[in-house]
Amino acid sequence: MAPGIGPTAAVSEPPASVGFVLPFWAATPVRRAVLAATSLTLSLATLGLLAWDAGWAKAIHRLSHGDWTILAAVLAAHLLAYVGYTVGHHRLLNLGSERVVAWRQTTLILLVGFGAIPSAGGLRIDQVALRGLGRSREEATISAIALAGIEMALLTPVAWVCALLLIGAPGVPGSESISWAIAAPLLFVPTVLAAARGTHRALAPDGERHRPPWLQDTLSGFARALQLARHPRCGAIVLAGVAVYWAADILALWLSLRLCHVELSVTRLILAYATGYLLTRRSLPLAGAGATELLLSIALTWVGVPLAAAVPAVLVYRFTDLSLTLIPALGGAPTLIRITHPELFSAEADG
């Protein structure tokens, strides 16, 4: 039990003042349930429209004749992905900070952030939770941006190599492979250089900084990610955790495709995954509900998967994922509120 919370404190219905401290979605169980239902509706509606375009009969045939013995392996891959992410996230949150975040708190932050209920995205949950746990606004923002930067730093180069290998490959349009081959270095290299410059100027007096706050926070977040090189043991754990997350999540998509009798090479799989998922999940509201299903299904067609097969595979992939995160997120949100904002309940308990 968090300090300051009495046995009679409300858990499922926080005080009205919580709406001014936490994001709007978190204030009541009803709002959380409505947003969860909205996420499911958006996902199903998007996949339904795609299936209608591909042909209902073809899509349903893929599902009805799927190899459902693989389903347990899909769930296991998702679970492994979250274990890896939790380990990497936990180590990064506690890098160079005097306010230690416990394993239970890290797990709750990730459960809620991945659970398709935050209306502002999972990264915002990191910021709100860290501020509730005593971190400053700047430190909470920098930590969230640093983790996002590490995610992209691991996936983007791998996808770029796959794009290079697929230039001119049959069934892969040049707009897909060549765009990745050109755009990735143009974005990745300047970002790394800017982060290195941000690290160099991190100790500059405030009067010498002339950047807008949002830009300063972004550069500081990327600079924090680069500082992992100064902490080899911690850095190795963070990178290994995020790498396991990406690898296991891609494995879950591959197994979902196999369930629907689709064979796909590793290079095509990674390129499609990176195209459809790079800016969703934690960066978009509701864990990318609707957007992820649309982008991932289309990205799979770009690497040669028929839409009638891509849609049921994405359905299996997304809903096995949600089965592991949505209910725990709904159940864990009140506990996260109590841990990060015990002062909101102490008055009621004292009364």
- Item | Considering residues of region 246-279 that are crowded, with 20+ Cβ neighbours inside 10 Å and within 12 Å of the chain's Cα centre (by Cα) only, the residue farthest from Thr86 (Cα to Cα) | Tyr277
- Item | Cross-chain or 6+ apart pairs with Cβ under 6 Å, region 119-143 first and touching a residue at least 60 places away in the same chain (Cβ under 8 Å) and open to solvent by less than 30 Å² (accessible area, probe 1.4 Å), then among the charged types (D, E, K, R) and not in a helix (DSSP H, G or I) | Gly122/Arg282
- Query: Gly66 passes all but one of (1) in a loop (DSSP other than H, G, I, E, B); (2) within 24 Å of Leu226 (Cα to Cα); which number fails?
  - Reply: (2)
- Message: Condition first: open to solvent by 10 Å² or more (accessible area, probe 1.4 Å), free of Cβ contacts under 8 Å to residues at least 12 places away in the same chain and within 28 Å of Trp254 (Cα to Cα). Can you find one or more residues in region 105-113 that meet it?
- Response: no
- Flagged in region 292-328 as modelled with pLDDT of 90 or more, in contact with a Leu (Cβ under 6 Å, 6 or more places away or on another chain) and either aromatic (Phe, Trp, Tyr) or open to solvent by 20 Å² or more (accessible area, probe 1.4 Å) (or both), in numbering order, are Thr301, Leu315, Tyr317
- Query: Here is a list of conditions, (1) open to solvent by less than 40 Å² (accessible area, probe 1.4 Å); (2) part of a loop (DSSP other than H, G, I, E, B), and His90 meets all of them except one; can you say which number that is?
  - Reply: (2)
- Item | Residue selected from region 43-79 under the condition open to solvent by less than 50 Å² (accessible area, probe 1.4 Å) and not hydrophobic (A, V, I, L, M, F, W, C), by the criterion nearest to Glu263 (Cα to Cα) | Gly66
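Quick check on region 196-213. Is at least one of its residues closer than 23 Å to His90 by Cα, surrounded by 15 or more Cβ atoms within 10 Å (Cβ to Cβ) and either at pLDDT 80 or above or touching a helix residue (DSSP H, G or I) at 6+ places or on another chain (Cβ under 8 Å) (or both)?
Within region 196-213, the first condition is being closer than 23 Å to His90 by Cα, and the residues that meet it are 199.
Restricting the remaining residues to those that are surrounded by 15 or more Cβ atoms within 10 Å (Cβ to Cβ) gives 199.
Within this subset, residues satisfying the condition of being either at pLDDT 80 or above or touching a helix residue (DSSP H, G or I) at 6+ places or on another chain (Cβ under 8 Å) (or both) are 199.
Yes; the residues of region 196-213 include at least one that is closer than 23 Å to His90 by Cα, surrounded by 15 or more Cβ atoms within 10 Å (Cβ to Cβ) and either at pLDDT 80 or above or touching a helix residue (DSSP H, G or I) at 6+ places or on another chain (Cβ under 8 Å) (or both).
I'd like the residue in region 144-186 that is outside any helix (DSSP H, G or I) and farther than 13 Å from Ala272 by Cα and, out of all such residues, is least open to solvent (accessible area, probe 1.4 Å).
Residues of region 144-186 outside any helix (DSSP H, G or I): 167-173.
Those still in the list that are farther than 13 Å from Ala272 by Cα too: 167-170.
Values: Ile167: 83, Gly168: 73, Ala169: 21, Pro170: 105 Å².
So, considering only residues that are outside any helix (DSSP H, G or I) and farther than 13 Å from Ala272 by Cα, the one least open to solvent (accessible area, probe 1.4 Å) is Ala169.
The values are calculated or read from the model by the stated rules, or taken from the named source; none is laboratory data. Keep in mind that this is a model prediction, so the values were computed, not measured. FYI the Cβ positions are ideal-geometry reconstructions off the backbone, even for glycines, and counts take in every protein chain you see. Each accessible area value is taken on the protein alone, full model and side chains, heavy atoms only, with ligands, DNA and RNA left out. Shrake-Rupley method; radii C 1.70, N 1.55, O 1.52, S 1.80 Å.
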